[in-house]
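Since the structure comes first, as structure tokens, the remarks are kept for the end.
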Amino acid sequence: MSGNPLGKNPTDVWEIPNVKANHVEKTIHPCQFPIELVERLVLALTNPGDLVVDPYIGVGSTAAAAVLHGRRSAGADTVAEYLDIARERVRAAAEGTLRRRPMDRPVYEPSPTSRLAQRPLEWDRQTPRDAEERGE
Ligand SMILES: C[S@@+](CC[C@H](N)C(=O)[O-])C[C@H]1O[C@@H](n2cnc3c(N)ncnc32)[C@H](O)[C@@H]1O
């Protein structure tokens, strides 16, 4: 193999946990962005005071990221409940009380001996079909 085993441009890959289960940013929205993802784009592509518009704003991750970095924000969504949460998150971002994962926190690596890093037992359990395929 001649290429880098980590990919063509390994340092260009952003490792950002998605927002699920017990993520600190999780709300009722089924598919919200991590704020950290938007923060990087806001910092790279806009200047302080710029207007960041997200026409599908959901619970306001884009707006929160914009406000955290001194940008203005606007957006729309068809679900009123999401917009209520978005307004609340933007307010918290402006006041410095927003619950969020910090932008540069490394991705958690569990110890190889922890239960999180183990193969689930059921993956190794044999099914009757496994045995049948081996002629047992
Ligand atoms: C992938 S989600 C966006 C989530 C958002 N980035 C966040 O982090 O909360 C897409 C959103 O688009 C909204 N949506 C769908 N159709 C829409 C429309 N016609 N106009 C505005 N919003 C719409 C949905 O309600 C949903 O919240």
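The values are calculated or read from the model by the stated rules, or taken from the named source; none is laboratory data. This is a predicted model, so every value here is computed, not measured. When we count neighbours, we look across all protein chains shown, and the Cβ atoms used for this are built from the backbone with ideal geometry, even at glycine.
When both residues are 6+ apart or on different chains and their Cβ atoms are under 7 Å apart, which pairs have a first residue that lies in the range 18-36 and is within 8 Å of the ligand (Cβ to nearest atom), and a second that is among the aromatic types (F, W, Y)?
Every condition considered, the pairs that remain are H29/Y82.
Only one of T127, T97, T78, T113 is hydroxyl-bearing (S, T, Y), out of contact with any Gly (no Cβ under 9 Å at 6 or more places or on another chain) and under 16 Å from E25 (Cα atoms); which?
None of the other options fit; the residue is T97.
Would you confirm whether any residue within the range 65-78 is within 11 Å of the ligand (Cβ to nearest atom), surrounded by 15 or more Cβ atoms within 10 Å (Cβ to Cβ), part of a helix (DSSP H, G or I) and of a type outside the set (A, V, I, L, M)?
Narrowing the range 65-78 to residues within 11 Å of the ligand (Cβ to nearest atom): 65, 75-78.
Applying the additional criterion that residues be surrounded by 15 or more Cβ atoms within 10 Å (Cβ to Cβ) yields 65, 75, 77.
Retained after the next criterion (residues that are part of a helix (DSSP H, G or I)): 65.
Checking which are of a type outside the set (A, V, I, L, M) leaves us with none.
Looking through the range 65-78, none of the residues is within 11 Å of the ligand (Cβ to nearest atom), surrounded by 15 or more Cβ atoms within 10 Å (Cβ to Cβ), part of a helix (DSSP H, G or I) and of a type outside the set (A, V, I, L, M).
Give the range 113-129 a look and list any residue that's in a helix (DSSP H, G or I) and of a type in the set (K, R), or say none. Spell out how you get there, then give the answer.
Going residue by residue through the range 113-129, those that are in a helix (DSSP H, G or I) are 115-117, 121-124, 128-129.
The answer is R115, R129.
Can you spot a residue in the range 8-16 that is more than 12 Å from the ligand (Cβ to nearest atom), more than 21 Å from the chain's Cα centre (by Cα) and not basic (K, R)?
Here is the first cut: in the range 8-16, the ones more than 12 Å from the ligand (Cβ to nearest atom) are 8-16.
Pick out the ones that are also more than 21 Å from the chain's Cα centre (by Cα) and you get 8-9.
With not basic (K, R) added as a condition, the list becomes 9.
Yes: the range 8-16 contains one or more residues that are more than 12 Å from the ligand (Cβ to nearest atom), more than 21 Å from the chain's Cα centre (by Cα) and not basic (K, R).
Answer with yes or no whether D84 is loosely packed, with under 14 Cβ neighbours inside 10 Å and over 24 Å from E15 (Cα atoms).
Details: loosely packed, with under 14 Cβ neighbours inside 10 Å: yes; over 24 Å from E15 (Cα atoms): yes.
Answer is yes for this residue.
For the range 30-64, enumerate the residues that are surrounded by 16 or more Cβ atoms within 10 Å (Cβ to Cβ), in a strand (DSSP E or B) and of a type in the set (A, V, I, L, M).
V52
Is one or more of the residues making up the range 85-97 of a type in the set (K, R), assigned to a loop (DSSP other than H, G, I, E, B) and closer than 18 Å to V19 by Cα? I'd like the intermediate steps shown before the answer.
The first filter runs over the range 85-97 and keeps only residues of a type in the set (K, R), leaving 87, 89, 91.
Adding the requirement that they be assigned to a loop (DSSP other than H, G, I, E, B) leaves none.
No; the residues of the range 85-97 include none that is of a type in the set (K, R), assigned to a loop (DSSP other than H, G, I, E, B) and closer than 18 Å to V19 by Cα.
Among the residues of the range 1-29 satisfying the criterion of being assigned to a loop (DSSP other than H, G, I, E, B) and among the charged types (D, E, K, R), which is modelled with the lowest pLDDT? Full working, then the answer.
Going residue by residue through the range 1-29, those that are assigned to a loop (DSSP other than H, G, I, E, B) are 1-9, 13-29.
Going one step further and asking which of them are among the charged types (D, E, K, R), we end up with 8, 15, 20, 25-26.
On the way: K8: 69, E15: 88, K20: 91, E25: 98, K26: 97.
So the residue we want is K8.
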